[in-house]
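Data first, discussion second: the structure below is written as structure tokens.
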Amino acid sequence: MSWEDPFLLSVSGVDAKPDGAALASVTVRAAAAWFLDQRTLSRHGTVRAFEEGFRRTLGELLPHVEQLAAALPADDVPAKVALAALAEARRRLDEDEAAGLRGEVERVRRIAKSVLALCGHHDVLTSLRTYESAGRRPSAEGEDAP
């Protein structure tokens, strides 16, 4: 299964079967944003379910974003920023389980932040690749640069 393929995202017992990567990205972003917006502690099983979904998503996103960044010049700023986000996401995925429910929620919140960040980097790098394949690059003002 690759990032471009439809995939199943199970989060807290709710299954969403997107028709493609765009809808999958919206679903994943919505789940991460919802988790980050919670002001009360969720049950341990709910936290664990979100973590599993976020880990699956990052497992798909990490190599894809890395490949997109590697295809750009070494001095490309969006690529450098994406590579830094990839390193941070991997660091967060390697964190040990935290003590107590509050610690676990905070650890999974950091993973959710990486999901949102890498979805954004995926969008930026994909649009850069699309523009560059057309021989253009978006300018700082949002207009296409020749």
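The values are calculated or read from the model by the stated rules, or taken from the named source; none is laboratory data. Remember, predicted model here, so these are calculated numbers, not experimental data. So basically every Cβ, Gly included, is an ideal-geometry build from the backbone, and we count neighbours across all protein chains shown. Only protein heavy atoms, including side chains, enter the accessible area calculation; ligands, DNA and RNA are left aside. Shrake-Rupley method; radii C 1.70, N 1.55, O 1.52, S 1.80 Å.
In the stretch 32-88, how many are among the β-branched types (V, I, T) and within 21 Å of E106 (Cβ to Cβ)?
4
Based on what the data block shows, is L68 open to solvent by less than 40 Å² (accessible area, probe 1.4 Å), out of contact with any strand residue (DSSP E or B) (no Cβ under 7 Å at 6 or more places or on another chain), in contact (Cβ under 8 Å) with a residue 24 or more places away in the chain and within 20 Å of E51 (Cα to Cα)? Can you show your working first?
Values: open to solvent by less than 40 Å² (accessible area, probe 1.4 Å): yes; out of contact with any strand residue (DSSP E or B) (no Cβ under 7 Å at 6 or more places or on another chain): yes; in contact (Cβ under 8 Å) with a residue 24 or more places away in the chain: yes; within 20 Å of E51 (Cα to Cα): no.
So L68 does not fit the description; no.
Please enumerate the residues belonging to the stretch 67-99 that are in contact with a helix residue (DSSP H, G or I) (Cβ under 7 Å, 6 or more places away or on another chain) and part of a loop (DSSP other than H, G, I, E, B).
A71, L72, E95, E97, A98
Could you go through the stretch 8-18 and let me know if any residue there is at pLDDT below 95, of a type in the set (D, E, K, R) and either open to solvent by less than 40 Å² (accessible area, probe 1.4 Å) or assigned to a helix (DSSP H, G or I) (or both).
No, the stretch 8-18 contains no residue that is at pLDDT below 95, of a type in the set (D, E, K, R) and either open to solvent by less than 40 Å² (accessible area, probe 1.4 Å) or assigned to a helix (DSSP H, G or I) (or both).
Among the numbered criteria (1) farther than 20 Å from L86 by Cβ; (2) open to solvent by 80 Å² or more (accessible area, probe 1.4 Å), which single criterion is violated by F50?
Against the list (1) farther than 20 Å from L86 by Cβ; (2) open to solvent by 80 Å² or more (accessible area, probe 1.4 Å), F50 comes up short only on (2).
V26: more than 27 Å from G100 (Cα to Cα) and either touching a residue at least 24 places away in the same chain (Cβ under 8 Å) or part of a helix (DSSP H, G or I) (or both), yes or no?
Considered against the rule, which asks whether it is more than 27 Å from G100 (Cα to Cα) and either touching a residue at least 24 places away in the same chain (Cβ under 8 Å) or part of a helix (DSSP H, G or I) (or both), V26 comes out as yes.
Among the candidates D96, D76, single out the residue that is acidic (D, E) and open to solvent by less than 70 Å² (accessible area, probe 1.4 Å).
Exactly one of D96, D76 is acidic (D, E) and open to solvent by less than 70 Å² (accessible area, probe 1.4 Å), namely D76.
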